[in-house]
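The values are calculated or read from the model by the stated rules, or taken from the named source; none is laboratory data. Computed from a predicted model, the values in this text were never measured in an experiment. Please note: Cβ atoms are built from the backbone with ideal geometry, for glycine as well, and neighbour counts cover all protein chains shown.
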Amino acid sequence: MNLLQRHIFKSVMFSCLAAVGLFGFVLVVGNAVKDLLGYLIARQLPPELFLKLMLLLPPFVLSYALPIGVLTGVLLVLGRMSAEHEITAMRAAGLGLLWIARPVLLFAVLGVLAGVAINFEFMPWARVTYHVALGNAVSLNPLSFIVPRTFIREFPGKVLYVGERNRQGVKDFWLWELDGQGRVKNSIRAESGSFDFDERTSELILSLNHLQVESRDPKNPEDFTMLRPSLSSEHTSVRLPLEGLFGKNTFHRKLQWYTYPELAAEQRRLAQPVAPADAPQRALDRMRLQIVIQDKLTTAFAVFSFALIGVPLGLKVSRRETSANLGLAVALALGYYFLTVVVGWMDRHPNLRPDLLMWMPNLIFLAVGVWLFWRVDRR
């Protein structure tokens, strides 16, 4: 690689890394706001745990930020070089388009290798660690998720309220049980209570003292003339499942979070023979596994596809404006991911081979890139 190609390679590398950092930062902030900010504001997460979880988000978002970041970097560099007539000078010196694009494609190949490592190793490790750490926050200190003087609605079919919280437990506790229409059917008020965590069932156990229970008519709970007599008790316990507390953050090991050795082990397990009655479900499970594997590979290979289509587009548009190139990159990336989502909808139809169709967006981008390459090279 001569001096000129090294100049192109360095320019593309720095521009792509900056673009990947920009898109990665936006995705990290979006995920943090969606998953963690509410817990932090409500003092349900200590600051040190919040920072740890934030550091575990970049490996997850990089699998999406890498392709679009490389495309943006290529468009920015080649668009600027074309607008400043550097490409024209190279072409006038007898340098072909393929020679000019060689350092860009070399960087794209390195990006593909990085994408494979991220998708099969770093991203699964980060996601599992992220959700385990978030789950441990409850098991280590379940009372921290009960915020005083706040209506807690995260538990399905229940609303909680705590007037005061201290190290011994809670005081002035209210619990309302709701029906399917969100109407109160039972209410419990207790002077005090304490929390414990059942690791076996992953449930919070609330022990209440000196309580009153009020029940309403199940058919018409809003008719206060049919209230049943209140019941008093010295002690009772209520179990609250963690699934209700975490909502979308509840840890379930998804296939996308398997590392390559784990995916290979799952592939061997699904290859074992089963009873004829279980064969259709086994075929669906095998297809879902293949879709996950191919999705990881195609997402990594998208770095090369995006770079290939970005070379002729960057030379053709000849723009220095960052906003225009960013807009073009985002539009192309949205089109690519839309095609990927459409193919993913076919996971229940193994006969259509959706695992192989996962490569269709890449093939389309490669074909368009080669055609644009040929068009620009003939100019």
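The residues on offer are Phe60, Phe107, Phe23, Phe9, and the sole one that is in contact (Cβ under 8 Å) with a residue 24 or more places away in the chain, surrounded by 20 or more Cβ atoms within 10 Å (Cβ to Cβ) and either in contact with a Phe, Trp or Tyr (Cβ under 7 Å, 6 or more places away or on another chain) or farther than 24 Å from Arg127 by Cβ (or both) is Phe107. Checked against (1) loosely packed, with under 14 Cβ neighbours inside 10 Å; (2) modelled with pLDDT under 85; (3) assigned to a helix (DSSP H, G or I), Ser82 passes all but a single condition, namely (1). All of (1) part of a helix (DSSP H, G or I); (2) surrounded by fewer than 23 Cβ atoms within 10 Å (Cβ to Cβ) hold for Gly94 with one exception: (1). On the given criteria, is Gln294 polar (S, T, N, Q) and modelled with pLDDT under 90? So Gln294 does not fit the description; no.
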